[in-house]
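The values are calculated or read from the model by the stated rules, or taken from the named source; none is laboratory data. Keep in mind the model is a prediction, meaning the values are calculated, not measured. Reconstructed Cβ throughout: ideal geometry from the backbone, glycine too, with neighbour counts over all protein chains shown. Just the protein is used for accessible areas: all its heavy atoms, side chains included, with ligands, DNA and RNA removed. Shrake-Rupley method; radii C 1.70, N 1.55, O 1.52, S 1.80 Å.
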Amino acid sequence: MLHAAPFSDLARIDRLQRAAFDYFLLHSGARTGLVADTARPGSPASIAATGFGLSCYPVAVERGWIGRGDAAQRVLTALRFLEGSRQASDSRASGYRGFYYHFLDMRTGERAWNSELSTIDSALLLAGVLTAAAYFTRQDAAEARIRDLAERLYARADWAWALNRGETITMGWRPPGRFLKHRWRGYSEALLIYVLALGAPDHPIAPESYGAYAAAHEWLTIDGTRHLHQGALFIHLFPHAWIDFRAIRDRGMQEASSDYFENTRRAIRLQRAHAEANPHGFAGYCRDLWGFSACHAPRGRAKLRNGRWQRLLGYAARGAPFGADDGTLVPWAPLAGLPFEPDACLSGLSHLLARYPALLRDGRLPGGFNPSLPGEGPEGWVDDRVVGLDQGLTVMMIENWRSGLLWELTRGIPAFTRGLERAGFTGGWLSPRVLSKRGGLCASHETGGAGV
């Protein structure tokens, strides 16, 4: 058990975690199993949200929110669609070279919104595929088929092709044959891409590609400590939803005498300090109200509650301490940060729900809000989107804090272990002694019993 919180906090968090999971029951395609990007009517599917959803089904089974057989069938629907969907270079396919377009039609699974073939969103999808397969380990036909399809889907991704003859992985590709010009270089959520690409059974990349990615990291010295900087909170969280980075280190973290888990703890503390300092004078900011990340907001100049004019950024990756800040916050931050700074996040959650109760809609938090803008209540402007990525991250991070279930599952997936080792990670649970002692999953995973 990783938590040490009062029962009242656990009861509230359980309700929030359950409501976040229900997003995937309400907003998944019956035929495709794909998950809608947002709860807005007509929203296309997001392959990244689908990956988060696949990872959340094990949590729901363990918590007793859904039967194991029902969850397995839902996973199987998605994996069957993904494996059988058309892979081709034309603009109406679902994907190409084992990767998938960022957005797909919920009903047909065809490319939507002229979106790119996305390497990061495909990685998030495949992480979910592998996680579901690691959980559904029984020998019945449905669970055996899940594992077979997961193996096929992961092996099909051509990571070497995604390098486009360069050292680092490209951000994507557009039909009929044009790679995006930007590459994944420097600390980002693409840490997950490189682990999966290095660990792939077919079409892997070489360790030198990870070295080129990491060579562009931006290291800062803050309060005498080396910190791997990125402003937006989601960058510090997404890879951790799957990978337990506690005490495992690549070369850069070894030199900094740190690890990615501790780096994320420090990033949260820096966000809280920025909100407390509130250099731009936005409403509501304090150590208990923070959360600077990628989200939507109005765009253009607007008058704030205090009469000041402010340039709003629309959809942007806000960050702290060195990043964009227009008064817009993500309300899911204290839930997603629980594994790292539990006391601070519990305090922040209590403050958020007491001060801004109208944020909750059917028990779920929206994509963002800006209390500096005029609105019906203290919440100010509130995004009308409930976002699949946010809901999935919430479910997974709460569970990693409560029981460590997702981390336990992925520690047993050879693809993750192989990818981390090829990237140069050592120590912690990756040490040969610890790995040799690891057996199968604990009994509750086999039986589908309720978790802690």
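Send over the Kirkwood Rh of region 171-249, from the inverse of the averaged 1/r over different Cα pairs, rounded to one decimal Å.
Result for region 171-249 stands at 14.4 Å.
Considering only protein heavy atoms and a probe of 1.4 Å, how much of the accessible area of region 286-389 is carbon and sulfur, as a whole percent?
Carbon and sulfur together cover 51 percent of it.
Could you quote the convex hull projected area for region 57-213, Cα atoms only and averaged over all directions, in nm²? Walk me through the numbers before you get to the answer.
Values: hull surface 38.8 nm².
That works out to 9.7 nm².
So how far, in whole Å, is the C-alpha centre of region 211-242 from the one of region 55-86?
First find each Cα centre; the distance between them is then 33 Å.
What number comes out for accessible area per residue over the chain if the probe is 1.4 Å? Units Å², please.
In whole numbers, the chain has 38 Å² accessible per residue.
When only alpha-carbon atoms are used, what values of Rg and Dmax, in angstrom, describe region 172-211?
Reported Rg and Dmax, both Å: 11.6, 31.
Rounded to the nearest 20 Debye, what is the dipole magnitude of region 270-374 about its Cα centre when Lys and Arg each give +1 and Asp and Glu each give -1 at the C-beta? Show your work: numbers first, answer last.
Values: 12 positive and 7 negative charges, 110 e Å.
For region 270-374, the charge dipole is close to 520 debye.
So what is the calculated 222 nm ellipticity per residue for the chain, using -39500 (n - 2.57) for each DSSP H run with n of 4 or more, over all residues, to the nearest 500 deg cm²/dmol?
-13500 deg cm²/dmol
If every alpha-carbon in region 45-137 counts as one equal scatterer, what log10 I(q)/I(0) does Debye give at q = 0.16 1/Å?
With one equal scatterer per Cα and no solvent, log10 I(q)/I(0) is -0.61.
I'd like the distance between the alpha-carbon centres of region 130-145 and region 304-337, rounded to an integer number of Å.
Measuring centre to centre over Cα atoms gives 41 Å.
Over region 141-206, what percent of the accessible surface lies on carbon and sulfur atoms, probe 1.4 Å?
In region 141-206, the share of accessible area belonging to carbon and sulfur is 48 percent.
With an 8 Å Cα cut-off and a minimum separation of 6 or more residues, compute the relative contact order for region 93-149 in percent. Don't jump to the answer; show the numbers that get you there.
Working: 57 pairs, mean separation 13.3, N = 57.
Relative contact order, region 93-149: 23 percent.
Of the listed peptides 388-395, 48-55, 425-432, 116-123, what is their order by residue-averaged count of other C-beta atoms within 10 Å, with the highest listed first? Please report the intermediate quantities before stating the final value.
Values: 388-395: 27.1, 48-55: 30.4, 425-432: 15.8, 116-123: 24.8.
Answer by packing, highest mean first, reads 48-55, 388-395, 116-123, 425-432.
Counting only Cα, what are the radius of gyration and maximum Cα-Cα distance Dmax of region 80-126, in Å?
Considering region 80-126 through its Cα atoms, Rg and Dmax are 9.3, 24 Å.
Once the Cα atoms of helix 7-26 and of the chain are each reduced to a long axis, what angle between those two axes, in degrees from 0 to 90 to the nearest 10, is obtained?
60
Where the centroid of each part is defined by its Cα atoms, how far is region 28-54 from region 258-300 in Å?
Comparing the Cα centres of region 28-54 and region 258-300, I get a distance of 28 Å.
To the nearest 0.05, how large is the calculated FRET efficiency for residue 218 and residue 138 if R₀ is 41 Å and r is the Cβ-Cβ distance? Mind showing how you got there, number by number?
On the way: r = 46 Å, r/R0 = 1.11.
The computed FRET efficiency comes out at 0.35.
As a test of understanding, state the convex hull volume per residue of the chain from its alpha carbons, in Å³.
For the chain, the hull spanned by Cα atoms encloses 136 Å³ per residue.
Starting from the Cα gyration tensor of region 207-270, take the square roots of the eigenvalues, sort them a ≥ b ≥ c, and report rounded, prolate or oblate (rounded when a/c is under 1.5, otherwise prolate if a/b is larger than b/c, else oblate).
The shape class here is rounded.
Determine, at each q value in 0.23 (inverse angstroms), the log₁₀ of I(q)/I(0) that the Debye formula gives when each Cα of region 197-315 is one equal point scatterer.
So the normalised log intensities are -1.41.
Working from Cα positions, state the angle (0 to 90°, nearest 10) between the long axis of helix 388-402 and the longest principal axis of the chain.
Approximately 90 degrees, to the nearest ten.
May I ask you to order 323-333, 85-95 by the average number of other C-beta atoms within 10 Å around their residues, highest value first?
So the peptides 323-333, 85-95, ranked by packing, come out 323-333, 85-95.
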